[in-house]
Ligand code: SF4
């Protein structure tokens, strides 16, 4: 990668620069000097970067600050569990050529870079991203990746990811987008990024134009995990995409101590919707090394999703998903509302009340129990609370 194509940090912001070492964090008051020695091994293994925009959001006096928890290294990262893996969702098993992950028939990931403006402590690619980890896609590899996409007419959508593709210069992004748009069967180019939140000044008119180059449908998916991340500047950066006709979606990771309560999660989803960003995915934490302290249980995630439904607008409902370890893809793991019982469906509403839904189209006429025969259009509330 030529030097001028990549700038991973804002030059400065109010005279402040990205924090990249434990010494930087100590100087900024984000790590007490007494904890530095305990963090050395973790910081040597997994990259550290906190942009000025993120550092400004952290309250150094709060030991449980939900922003710090996402970015400041913790000694608990040294606790690597047996089932955790450097490639928890199996990218490498589905990589036919460098830079491409082809897991589902109609779409591929195109991993342009392996660096980011910030490094998230829970990142599922944490063993692959950061300075000195995997290389950015050099020109020859980019050409081979494009050849692969051209040779597979079933590829309808290309997802630009990494690392964070928006660390690239607008000029380089424009080249990439134009190259993809020239492939007739590629109809959608989707970019996954954290930049509008962690370095909003990078979202310039030139960057927005770069993502639209080529005239194909362009989507941007924003990764944010706490409502405080949606600052006025971040909202303005997102508005630049949306106003230019680039629809936005969100993705968040369910994280213990960050967004694992219904109020915070609901406020996050509302903040997205207020920014005209449709909540898309709430990811269950992946089995990335040293991240057990940040994962919730799936049962906790399902309970949170139950609490969101009914209390928050339908626009605020993401899909709670798990990437099956090993590369078998993403599946929804939200709470179930439908069960088959006694020849009918039993449906649980958002208050936990159960209702029968008996429909002769789905069930043989003899099947519905006699007591449901007076239902209007087959729907009847039992008013029964869930059992133990
Ligand atoms: S920005 Fe994305 S790729 Fe980079 S460390 Fe965070 S989660 Fe990982």
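Checked against (1) surrounded by fewer than 19 Cβ atoms within 10 Å (Cβ to Cβ); (2) away from the ligand (no atom under 14 Å from the Cβ), residue 186 passes all but condition (1).
Does residue 261 meet the test of being buried (at least 17 other Cβ atoms within 10 Å of the Cβ) and assigned by TED's automatic domain parsing to the domain that holds residue 240? Considered against the rule, which asks whether it is buried (at least 17 other Cβ atoms within 10 Å of the Cβ) and assigned by TED's automatic domain parsing to the domain that holds residue 240, residue 261 comes out as no. When 180, 211 are screened for being touching a residue at least 60 places away in the same chain (Cβ under 8 Å), closer than 16 Å to residue 246 by Cβ, in contact with a strand residue (DSSP E or B) (Cβ under 8 Å, 6 or more places away or on another chain) and crowded, with 20+ Cβ neighbours inside 10 Å, only 180 passes.
The combined condition, being out of contact with any strand residue (DSSP E or B) (no Cβ under 9 Å at 6 or more places or on another chain) and more than 16 Å from the ligand (Cβ to nearest atom), is fulfilled by residue 139. In region 67-76 there is no residue that is crowded, with 21+ Cβ neighbours inside 10 Å, over 22 Å from residue 176 (Cα atoms) and at pLDDT below 95. Could you list, in sequence order, all residues of region 203-229 that are within 16 Å of the ligand (Cβ to nearest atom), in contact with a helix residue (DSSP H, G or I) (Cβ under 7 Å, 6 or more places away or on another chain) and either within 22 Å of residue 68 (Cα to Cα) or modelled with pLDDT under 95 (or both)? The answer is 222, 224, 225, 226, 229.
If the condition is being closer than 19 Å to residue 331 by Cβ and part of a loop (DSSP other than H, G, I, E, B), then region 67-118 contributes 83, 85, 87, 88, 89, 90, 91, 105, 106. Just one of (1) free of Cβ contacts under 8 Å to residues at least 24 places away in the same chain; (2) within 15 Å of the ligand (Cβ to nearest atom); (3) crowded, with 16+ Cβ neighbours inside 10 Å fails for residue 132. It is (3).
Only residues that are within 24 Å of residue 234 (Cβ to Cβ), away from the ligand (no atom under 13 Å from the Cβ) and crowded, with 24+ Cβ neighbours inside 10 Å: list them for region 158-175, please. Listed by number, the list holds a single entry, 168.
Of the residues contained in region 293-301, one or more are found to be surrounded by fewer than 21 Cβ atoms within 10 Å (Cβ to Cβ) and farther than 18 Å from residue 122 by Cβ. The residue that is nearest to residue 147 (Cα to Cα), counting only those in region 85-118 that are touching a helix residue (DSSP H, G or I) at 6+ places or on another chain (Cβ under 7 Å) and surrounded by fewer than 21 Cβ atoms within 10 Å (Cβ to Cβ), is 97.
Restricting attention to region 146-163, the residues that are within 17 Å of residue 106 (Cβ to Cβ) and either touching a strand residue (DSSP E or B) at 6+ places or on another chain (Cβ under 6 Å) or outside any loop (DSSP other than H, G, I, E, B) (or both) add up to 9.
The values are calculated or read from the model by the stated rules, or taken from the named source; none is laboratory data. Everything quoted here is computed from the prediction, not taken from an experiment. No Cβ is skipped: glycine too gets one built from the backbone with ideal geometry, and neighbour counts run over all protein chains shown.
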